[in-house]
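The values are calculated or read from the model by the stated rules, or taken from the named source; none is laboratory data. Since this is a predicted model, take the numbers as computed values, not measurements. As a convention, Cβ positions derive from the backbone with ideal geometry for all residues, glycine included, and neighbour counts pool all protein chains shown. Just the protein is used for accessible areas: all its heavy atoms, side chains included, with ligands, DNA and RNA removed. Shrake-Rupley method; radii C 1.70, N 1.55, O 1.52, S 1.80 Å.
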Amino acid sequence: MPKADWSRGLLPTSITTQGDTITNLWNGAWIAALATGVVVIFLIVWACIFHTRRRAKAELPPQVRYNLPIEIFYTLVPLVMVSVFFFFTARDTREVDAVSGKADVRVKVEAFQWSWRFTTEVGGKTLKPVTGTPVNDYHQGPQLVLPVNKRVEFDLSSPDVIHSFWVPAFLFKRDVIPGLQENDKGRKFEIVTLNKPGVYAGRCAELCGVDHSRMLFNVKLVPQAEYDQYIATQTGSAQ
């Protein structure tokens, strides 16, 4: 089976740590939902067959005001299911939102109508910002260059409206909300980049105005040696 390429919108061969967490939560939720569906369908089919085999009578079946065991069962089972979902969702949300402060690369992402500005800080150096314009093809948009399999911290800001920073291959996105202070936790998130070099599509996932559909960019993942060369060749970078 050939390896898939997320730059073409298919499943990546490897995903980030957050992607693993989200995938596990998603798969677990689907398994639980399917199991519940199977039980419900079985009970419906059983009830239909059971009552079809019984000959209908003119009189009504025995009427009861309540059935305590069944009512307790109907109350406890949904409560347990919701509690389990809540536990795993809260646990995984806390893990996904965690920012260690020990990232190998830090990127300041500025979203504006209708493009992006990326300012990278690595090894004590701040590289020259990369600023884009609205485009029809993500290959033509601003390019963010990052090393493979490294921890990256993103700091998101917007001067105008709500945007959403989304790289589908990372299986993670975050709204860019204007007005948040620099120390606000809602501005930052952290991922471990894919271990496969390539150019991956990025876009705004929040309807933000006329050129929302053209608010495209790309992330280029390169080996560490190539990334070191990229940093060395950046002109206008500052300590």
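Scanning for something over 30 Å from Ser213 (Cα atoms) and either touching a residue at least 40 places away in the same chain (Cβ under 8 Å) or open to solvent by less than 80 Å² (accessible area, probe 1.4 Å) (or both), does region 52-71 turn up at least one residue? Quick ask: steps written out before the conclusion?
Looking only at region 52-71, we keep the residues that are over 30 Å from Ser213 (Cα atoms), and these are 52-71.
Okay, now just the ones that are also either touching a residue at least 40 places away in the same chain (Cβ under 8 Å) or open to solvent by less than 80 Å² (accessible area, probe 1.4 Å) (or both), so 67, 70.
Yes - at least one qualifying residue is present in region 52-71.
Check off (1) part of a strand (DSSP E or B); (2) surrounded by fewer than 18 Cβ atoms within 10 Å (Cβ to Cβ) for Pro134 and give me the number that stays unchecked.
All conditions are met except number (1).
Do any strands (runs of 3 or more DSSP E) entirely within region 139-239 hold 1 or more residues that are touching a helix residue (DSSP H, G or I) at 6+ places or on another chain (Cβ under 8 Å), at positive phi and open to solvent by less than 70 Å² (accessible area, probe 1.4 Å), and if so, which?
On the way: elements: 143-147, 151-157, 163-167, 172-176, 188-192, 198-204, 216-222.
Correct list: 198-204.
Need the failing condition index for Glu110 against (1) surrounded by fewer than 18 Cβ atoms within 10 Å (Cβ to Cβ); (2) modelled with pLDDT of 85 or more; (3) touching a Phe, Trp or Tyr at 6+ places or on another chain (Cβ under 9 Å), just the number.
(1)
Against the definition (modelled with pLDDT under 75, open to solvent by 50 Å² or more (accessible area, probe 1.4 Å) and not in a loop (DSSP other than H, G, I, E, B)), how does Thr36 come out, yes or no?
Values: modelled with pLDDT under 75: no; open to solvent by 50 Å² or more (accessible area, probe 1.4 Å): yes; not in a loop (DSSP other than H, G, I, E, B): yes.
Judged against the criteria, Thr36 is not a match.
Each row is one residue, and each column tells you yes or no for (1) within 20 Å of Tyr200 (Cβ to Cβ); (2) of a type outside the set (Lys, Arg).
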{"site": "Asp97", "(1), (2)": "no, yes"}
{"site": "Val105", "(1), (2)": "yes, yes"}
{"site": "Phe112", "(1), (2)": "no, yes"}
{"site": "Gly132", "(1), (2)": "yes, yes"}
{"site": "Gln140", "(1), (2)": "yes, yes"}
{"site": "Val145", "(1), (2)": "yes, yes"}
{"site": "Trp166", "(1), (2)": "yes, yes"}
{"site": "Lys173", "(1), (2)": "yes, no"}
{"site": "Gln181", "(1), (2)": "no, yes"}
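Return the residues of region 96-107 that are among the charged types (D, E, K, R) and surrounded by 14 or more Cβ atoms within 10 Å (Cβ to Cβ); say none if nothing qualifies.
Within region 96-107, the subset among the charged types (D, E, K, R) is 97, 102, 104, 106.
Listed by number, the residues that qualify are Asp97, Asp104, Arg106.
Could you tell me whether region 209-232 includes any residue that is in contact with a Ser or Thr (Cβ under 9 Å, 6 or more places away or on another chain) and closer than 23 Å to Leu25 by Cβ?
Quick first cut of region 209-232, residues in contact with a Ser or Thr (Cβ under 9 Å, 6 or more places away or on another chain) only: 211, 214-219, 221, 231.
Cutting the leftovers down to closer than 23 Å to Leu25 by Cβ gives us none.
No, that holds for no residue.
Give all pairs with beta carbons closer than 8 Å in which a residue from region 89-115 that is assigned to a helix (DSSP H, G or I) meets a residue that is surrounded by fewer than 18 Cβ atoms within 10 Å (Cβ to Cβ); count only pairs at least 6 apart in sequence or on separate chains.
Every condition considered, the pairs that remain are Asp92/Asn24; Asp97/Lys185.
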